[in-house]
Amino acid sequence: MAQQNVKIVFPNGSEQNYPLGITGAAIARSISPQLAKKALSILVNGFTQDLSRSITTDATVQILTWEHDKAKQVFWHSSAHLLAEAIEALYPNVHLGMGPPVANGFYYDVDLRGHQLDASGITSIEKKMKELAAQRNSFHRIPISKKEAVAHYQKKLNPYKLEILERLEDGQITFYQQGNFTDLCKGTHIPHTGLIKAVKITNIAGAYWRGDVKRKQLTRIYGISFPKESMLQDYERQREEAVKRDHRKIGKELELFTFSEDVGIGLPLWLPKGTFIREQLVSFLKAQQYKADYQPVVTPHIAHKKLYVRSGHYDKYQNDTFRPIQTPQAGETFMLKPMNCPHHCAIYQASPKSYKELPLRLAEFGTVYRYEQHGELHGITRTRGFTQDDAHIFCTAEQVKGEFAKVVDLVLDILKKFAFQHYEVQIAVRDRPKQEQYIGDPSHWDKAEKAIQEVVQARSLQAHVVPGEAAFYGPKLDFIVHDALGRKWQMGTIQLDYQLPERFDLTYVGEDNQKHRPVMIHRAPFGSLERFIAILLEHTAGKLPLWLVPTQVVILPIGKAHVSFATAVVDQLNQQGIRAKLDERDEKISRKIRDAEVAKVPYMAIVGDQEVSNKQLALRKQGAGQQGMMTIEQLIKELNSKE
């Protein structure tokens with residue numbers, strides 16, 4: 001007898017039978033009219049799907065509303081189509097490229113073919129988008145043959161869409177239509193354009209087609225949209241605050257890092273104050289690692305190409321690495337190190353291992369190099385050279401969950417240390433229908449994914465599973481922090497890997513005197529020092545924790561007669577391990593205070609006649625003004641209590 005129903009499992013574990021072919025929209029209506037009104041898309045077995053599409057198999061589902069990140073991506077993807085429709089309406093004969101959602105909004109790459117886009121043009125696009133959105137046109141998914149799709153874009157003379165179609169297989173091609181506009185797209189989309197209530201064009205930039213500098217440069221139009229006008233207003237206020245907190249601006253003001261065209265773009269130069277912050281972070285994590293029995297190692301900045309071929313990284317990421325370095329020796333090709341893990345596998349191989357030596361925890365603050373495109377570079381959040389707080393744990397299968405749990409605890413401790421109170425936990429697993437994208441035995445993947453989920457449950461973490469986001473060699477657990485502006489940043493990551501030990505033929509001798517394969521855990525709690533510092537600067541607006549700042553207190557003598565006492569105070573503070581500086585410039589005290597405020601020095605101690613006479617200090621706190629009079633001993637106690 002043919003199946004008449006499908007079993008639907010909801011996020012809370014409840015189950016319900018629905019008629020075969022039920023749509024996401026109908027499921028939302030069955031739950032509540034309010035949910036149906038707010039629904040943007042549906043998650044079916046971990047993948048987004050149009051609410052209008054039928055469900056023909058048993059499935060786990062989640063109705064997605066604006067609050068879910070995947071719903072925002074669907075909303076912004078639909079808004080990109082609306083943007084393209086507006087551009088075509090205003091600028092006849094343009095050629096559309098691609099228009100994906102991004103972290104905050106969307107863009108569309110367009111060949112304007114002679115049209116010029118100025119400020120008035122941007123206003124016109126926004127106005128046209130709002131007009132089109134008000135038509136409440138539904139998004140219709142249209143399966144189409146490759147022949148028909150090619151004919152459609154040949155008629156439009158669009159070389160970009162035709163190039164995309166060359167790589168697509170017949171039977172897997174879909175168009176989406178809203179109103180009179182049709183675009184090549186695999187989806188997913190919101191039910192109709194009327195849900196888009198507010199739009200804003202945020203930037204115009206040049207972008208080479210396919211990111212290839214040898215190809216034509218198109219116009220990339222960025223935008224953002226919301227289901228409520230008030231959300232756009234909130235976004236614009238947040239954007240203004242984000243400009244003030246931009247780590248590039250703060251880094252320049254605080255003299256932390258710089259860049260030089262002579263050195264090369266994307267390669268930061270750390271100035272003394274920034275280097276101090278880096279070293280403090282390294283010392284902090286080294287202390288944690290020492291307590292957890294990690295062993296430090298150092299690996300070279302280059303390695304033979306064959307190392308990365310063996311690990312599988314070369315095949316997967318060769319376009320994201322710097323070009324191989326050919327030496328005068330025939331057949332000898334080196335590469336700048338793009339990741340540390342193959343090197344740590346080579347260290348493991350250096351000597352035979354016994355089960356008694358496991359777990360073996362190798363840690364390195366290893367600098368790696370990746371060829372990021374010019375347009376993708378951004379301050380120190382996206383660079384071509386960066387230092388990872390990398391470690392790799394080699395353990396037995398029985399030790400996996402215990403070791404993984406210890407790393408989870410370490411990451412949680414770090415989030416607490418730096419006051420990241422709001423964060424999400426994400427389990428990144430493979431895209432099961434596309435197993436060919438991953439290396440290794442599927443059964444190993446099953447073990448790894450199950451182990452991560454069990455650790456998450458044991459630690460009572462609220463985590464969501466994200467299919468298709470795993471590394472090519474294994475699933476991972478990602479920690480997404482929310483900064484002071486509510487923005488989300490991926491920070492710590494822990495990956496479980498059965499594959500590299502196989503590829504490098506790593507073994508240990510077990511209790512049974514037989515050779516066994518270890519399991520590998522990759523972990524980087526900070527992610528990279530560069531990106532972590534950038535996030536911390538923006539999260540704190542440059543007001544770093546006292547233990548991290550290069551200068552904790554600056555002593556400000558009012559005049560030359562007060563310099564001698566001020567110098568003695570600096571010496572006494574430094575002897576107590578407090579980082580103090582003397583500002584003896586021939587400037588007014590108001591100027592010295594202002595400069596110390598701009599430099600984000602946490603404490604200022606002013607010295608004048610009264611302070612010298614009473615052997616006291618007039619204390620000011622950064623951003624909080626005068627704190628009253630203190631003796632040197634009281635100041636030392638105050639600063640030590642904040643460490």
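Of note:
- Interatomic Cα distance distribution for the range 37-142, bins of 10 angstrom, percent: 13, 39, 30, 14, 4, 0
- Across all directions, the shadow cast by the convex hull of the range 356-426 built on its C-alpha atoms averages 7.1 square nanometres.
- Of the trypsin sites (Lys or Arg not before Pro) in the range 64-117, the ones in a loop by DSSP (not H, G, I, E or B) with at most 16 other beta carbons within 10 Å are Arg113.
- Anisotropy class of the range 512-582 from Cα gyration tensor, a/c 1.5 cut: oblate
- Fraction of beta bridges assigned by DSSP in the range 484-643 that are antiparallel (%, nearest 5): 70
- Projected-area average for the chain over all orientations - Cα convex hull basis, square nanometres: 37.6
- Here's the picture: charge each Lys and Arg Cβ at +1 and each Asp and Glu Cβ at -1 in the range 191-347, and of Trp209, Pro328, Ile277 the one pushed furthest to the positive end of that dipole is Trp209.
- Using only Cα coordinates, the Kirkwood hydrodynamic radius of the range 458-562 works out to 18.2 Å.
- Kirkwood's formula applied to the C-alpha pairs of the range 364-521 gives a hydrodynamic radius of 17.2 angstrom.
- Available extension along the chain between Ser354 and Asp571 is 72.8 nm, counting 0.36 nm per residue and deducting the alpha carbon span.
- Two-site FRET efficiency, Arg323 against Gln4, from Cβ-Cβ distance with R₀ of 56 Å, rounded to 0.05: 0.40
- Between Val263 and Asp446, the modelled labels are 5.1 nm apart [label points 7 Å from Cα along Cα→Cβ].
- Calculated FRET value between Lys146 and Glu436, using beta carbons and R₀ = 35 Å, to 0.05: 0.95
- Difference of contour (0.36 nm per residue) and Cα-Cα distance, Leu157 to Arg517: 124.0 nm
- Long pairs among Lys615/Lys642; Lys37/Lys72; Lys588/Lys642; Lys72/Lys156; Lys70/Lys228, criterion Cα-Cα beyond 26 Å: Lys588/Lys642; Lys72/Lys156
- Ser460 contributes about 90 Å² of solvent-accessible surface, heavy atoms of the protein only, 1.4 Å probe.
- Under the combined filter of DSSP loop state and at most 10 neighbouring Cβ atoms within 10 Å, the range 245-304 retains none of its trypsin sites (Lys or Arg not before Pro).
- Amide H within-cut-off set for Val6, under 5 Å, with H built and near neighbours excluded: Tyr18, Leu20
- In this simple spin-label model, placing a label point 7 Å from the Cα along the Cα-to-Cβ direction at both Lys637 and Lys214 gives a separation of 7.2 nm.
- Of all DSSP beta bridges in the range 248-364, antiparallel share, percent nearest 5: 80
- Surface share of carbon and sulfur [accessible, 1.4 angstrom probe, percent] for the chain: 49
- Alpha-carbon Rg/Rh ratio, for the range 117-173, with Rh computed the Kirkwood way: 1.14
- Of the GluC sites (Glu not before Pro) in the range 493-557, the ones in a loop by DSSP (not H, G, I, E or B) with at most 15 other beta carbons within 10 Å are Glu511.
- Cα principal axis extents for the range 139-271, largest first, Å: 59, 42, 22
- Label reach from Glu236 (point 7 Å along Cα→C-beta): in the range 77-121, amide nitrogens under 16 Å belong to 120.
- Percent of beta bridges antiparallel (DSSP, the chain, rounded to nearest 5): 85
- Applying 0.36 nm per residue to the separation of Ile31 and Asp315 and subtracting their alpha-carbon distance, the gain on full extension is 97.6 nm.
- The range 63-199 shape via C-alpha gyration tensor axes, a/c threshold 1.5: oblate
The values are calculated or read from the model by the stated rules, or taken from the named source; none is laboratory data. What you see is a predicted model; the values in this text were computed from it and never measured. For neighbour counting, all protein chains shown are included, and Cβ atoms are generated from backbone atoms with ideal geometry for every residue, glycine included. Surface accessibility is based on the protein's heavy atoms, side chains included, excluding ligands, DNA and RNA. Shrake-Rupley method; radii C 1.70, N 1.55, O 1.52, S 1.80 Å.
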